[in-house]
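Derivation of every value follows stated rules applied to the coordinates shown; laboratory data play no part. Predicted, not measured: the structure shown is a model, and the values here were computed from it. When we count neighbours, we look across all protein chains shown, and the Cβ atoms used for this are built from the backbone with ideal geometry, even at glycine.
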Amino acid sequence: MNNDDREELYELIEDIGTAMLVTENNDDLRSRPMSGKLYRDSGEIWFLTESMSGKVHEIAEDRTSNLTYACPEKETYISITGTSALSRDADKIDDLWGPWAKAWLQCEKDDPKVAAIRFKPQLAEYWSSPSSSLVQAWELAKANISDDQPDMGENKTLPMS
């Protein structure tokens with residue numbers, strides 16, 4: 001995989017910030033918004049969570065999960081398949097902790113109910129169009145006239161492991 005592609009993916013992830021974490025619950029898919037932190041050296045994305053939450057039970061049953069990021073205003077979309085696991089790594093929790101975490105979890109970071117989720121990516125796909133809606137409309141119109149493929153931006157699939 002091209003390092004430039006990976007760096008572009010990381011930039012898009014950090015720009016959007018909040019992901020939808022998708023897990024499975026008795027053959028039903030569940031999604032919930034999660035604000036995480038990307039660790040570029042490993043490619044892992046970590047999230048703080050409450051250790052007894054539904055997503056923790058779902059991850060314990062099936063580690064396969066998905067993260068989706070979307071920013072329609074910038075025409076940027078990301079889907080990452082990987083595995084999730086619960087962690088009680090105190091150093092990682094300390095690194096992730098902030099005022100928002102204390103407010104959200106209603107406790108201190110050393111409370112036993114605080115845990116982290118480590119998402120390890122396996123395959124990522126992203127779509128990104130840096131062009132404005134006007135440029136995209138022009139590309140579509142031009143393609144209809146010329147039978148050429150419109151330039152709507154990038155779509156890349158990256159193996160992550």
One residue from Glu75, Glu108, Glu50 being at positive phi and acidic (Asp, Glu): Glu75
Looking at Leu38, Leu12 in this structure, which one is out of contact with any Gly (no Cβ under 6 Å at 6 or more places or on another chain) and without any contact (Cβ under 8 Å) to a residue 40 or more places away in the chain? Leu38
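Which residue is farthest from Met160 (Cα to Cα), if the candidates are limited to the range 55-78 and must be of a type outside the set (Val, Ile, Thr), without any contact (Cβ under 8 Å) to a residue 60 or more places away in the chain and buried (at least 18 other Cβ atoms within 10 Å of the Cβ)?
So in the range 55-78, the residues of a type outside the set (Val, Ile, Thr) come out as 55, 57-58, 60-63, 65-67, 69-75, 77.
Pick out the ones that are also without any contact (Cβ under 8 Å) to a residue 60 or more places away in the chain and you get 57-58, 60-63, 65-67, 69-74, 77.
From what is left, the residues that are buried (at least 18 other Cβ atoms within 10 Å of the Cβ) are 58, 65-67, 69, 77.
Details: Glu58: 23, Ser65: 14, Asn66: 13, Leu67: 13, Tyr69: 16, Tyr77: 17 Å.
The qualifying residue farthest from Met160 (Cα to Cα) is Glu58.
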